[in-house]
Amino acid sequence: MTDDVPSIAKLPTKWGQFDIHVYHEEETGLDHVALMLGSMVGPDPVLMRVHSECLTGDAFSSLRCDCGPQLDAAMKAIVDNGWGCLLYLRQEGRGIGLHAKIQAYHLQDQGADTLDANLLLGHPADGRDYQIAATMLNDLGIKEVALLTNNPDKVNQLEQHGIVVAKTVPLVAGVGQDNLQYLQTKVERMGHTIDSNELE
């Protein structure tokens, strides 16, 4: 019986009402989410965010990163725009998982930056794979997007998987003293396109 019931439902949020779609990734066993507002058919590219899970930032409001404020800002931007899509991918800690992420935090407490902490643990600086995002977008009929991101690797991967990124929309939120070094490392060592004036 349950296999006949679609994994789609209405999701009222503090920003507005979205449709929530759940996608199961067989390879990893993880469930990912698409939040949609309005029709995805229009003359303009779909305003969208591909957001990777961050338990500490999204659920616990950690100030070590900008993830929670970025999620809030993206959902508000979609509502303000009147339509759009947010993919929430279960790729905790830039793909290394929660346990390793907290180990990386420990190394950061000892002085390592966010990139070196991952490398010291034997993980890539960023291990995320956006194939599942492209699969979800294709299923939703979304081919061309205006992507809310500061991350050029995200753009490159989506384009390699056949998604047209018509433009990028900067998403800078939650900058503070507790995450300033983290953000500076993303700019200086990981190529993120954040205006230095935003980090002052």
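So here's what we get for this one:
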read-out: Percent of alpha-carbon pairs separated by more than 17 Å within region 1-100; value: 57
read-out: Selection from Ala146, Tyr23, Asn81 lying farthest towards where the dipole of the chain points positive, charges on Cβ; value: Asn81
read-out: Those lysines that a straight Cα-Cα span of less than 24 Å connects to Lys14, excepting residues fewer than 8 apart in one chain; value: Lys76
read-out: Residues Val155, Val187, Val5, Val46, sorted so that the one with the fewest Cβ neighbours within 10 Å comes first; value: Val5, Val187, Val155, Val46
read-out: Volume per residue that the Cα convex hull of region 77-200 spans, once the total is divided by residue count, Å³; value: 120
read-out: Using alpha-carbon coordinates, inclination of helix 98-109 to the longest axis of the chain, degrees; value: 30
read-out: Of the GluC sites (Glu not before Pro) in region 1-90, those whose Cβ has at most 10 other Cβ within 10 Å and which sit in DSSP loop; value: Glu26, Glu27
read-out: Reachable lysines from Lys143, criterion Cα separation under 22 angstrom, eight or more residues apart if same chain; value: Lys154, Lys167
read-out: Estimated FRET transfer efficiency (Val22, Met190; beta-carbon r; R0 35 Å; 0.05); value: 0.70
read-out: Neighbour-count order for Arg189, Arg49, Arg94, fewest beta carbons within 10 angstrom listed first; value: Arg189, Arg94, Arg49
read-out: Cβ charges +1 (Lys, Arg) and -1 (Asp, Glu), total dipole of the chain, debye; value: 260
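Bear in mind that the values in this text are calculations on the coordinates, not laboratory data. This is a predicted model, so every value here is computed, not measured. Positions of Cβ are backbone-derived with ideal geometry, glycine not excepted, and every protein chain shown enters the neighbour counts.
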